[in-house]
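Structure, as structure tokens:
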Amino acid sequence: VVDDGIDAEHEMFQNRIVKPYNVFTQNNCLSTGDGHGTHVAGLAVGSDKKISQGISGVAPKCKLMPVQVFDNGSCTFSTITSGIIYAIHNGADVINVSIGPNFSGMDALPEEDQEMISREYFKNEEIVWKRIISIANEHNSIIVFAAGNDNIIARVAPENRTDLTINVAAVDPKIKGTDFTNYGPGSNISAPGESIISSMPGNTYEFSDGTSMAAPIVTGTVAL
């Protein structure tokens, strides 16, 4: 789980964390971030000890490799890609990336303009992503990306352009696309992403929305 950190002491993850890594400190000292990584990890591989209360990871017996790519609430393109490369080279079978670029406001553009952007912009980043995804495939690592929450065509984000990763859009309880999810070209599967309960720091649990929640549901399925 490449994210903002994790509460490694949470009851959902006991005795299953392997090779944790902080890209900034280059060691295994992780912070808890704002809880995003804890929520995401819980959905993918959290314990099923509270399943009677409706709380469980999809793959509760899998190992968890938390990789922190945020520092004080911010991350960069290079820290995200470095975190993914670390996971690849340390044996991760499936890598969840519930973080990505922000294109807030782009949904005001017509879809044909969004399509043009997906063809002509962010080409340098696209080259880097193609190389990283190629390395992942060479190591038999599957990367799962959250499609994004800007209500635009998913392929605008350069990581969603290769057709060699799993890019997850979000649906509501009626199995319809949520108001926020990116969609269409660049996304290739959907999962629940509205009012999703999972672990939060301090052995707590909260509901959250986003393709960030949909992605680890698919990641856990791949892990199974």
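Where a number appears in this text, it was derived from the coordinates with a stated rule and is not lab data. Worth saying up front: this structure is predicted, and the values here are computed from it rather than measured. A quick note on method: Cβ atoms are made from the backbone with ideal geometry, for glycine too, and the neighbour counts reach across all protein chains shown.
Okay, here's what the table says:
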| item | result |
| --- | --- |
| N15/N140 FRET efficiency (R0 22 Å; Cβ-Cβ; nearest 0.05) | 0.30 |
| For a label point 7 Å along the Cα-to-beta-carbon line of T221, residues of segment 128-147 with backbone N under 11 Å | none |
| Residue-span extension gain [E115 to D34] - 0.36 nm each, minus C-alpha spacing | 25.8 nm |
| The chain: Cα Rg divided by the 2.2 N^0.38 Å rule of thumb | 0.95 |
| Among beta bridges that DSSP assigns inside the chain, antiparallel share in %, nearest 5 | 30 percent |
| Within straight-line cross-link reach of K50, aspartates and glutamates at Cα separation under 14 Å, skipping those fewer than 8 residues along the same chain | E11, E206 |
| Protection-proxy order for peptides 94-100, 14-20, 192-198, 137-143, each taking the mean of Cβ atoms within 10 Å per residue, highest first | 94-100, 192-198, 137-143, 14-20 |
| Highest-first arrangement of 152-164, 202-214, 122-134, where packing means the average Cβ count within 10 Å | 152-164, 202-214, 122-134 |
| Extension reserve of the D179-S52 stretch, reckoned as 0.36 nm per residue once the Cα distance is removed | 42.7 nm |
| Total formal charge among the other residues, if their Cβ is under 12 angstrom from that of G73, Lys/Arg +1 and Asp/Glu -1 | -3 |
| Nearest-ten-degree value, helix 36-45 long axis tilted from longest Cα axis of the chain | 70 degrees |
| DSSP beta bridge pairing in segment 139-218, given as percent antiparallel to the nearest 5 | 45 percent |
| With Cα atoms, 0 to 90° folded angle of helix 111-120 axis to the chain main axis | 80 degrees |
| Positive-end extreme of charge dipole, segment 9-129 - chosen from N124, M12, H89 (charges on Cβ) | M12 |
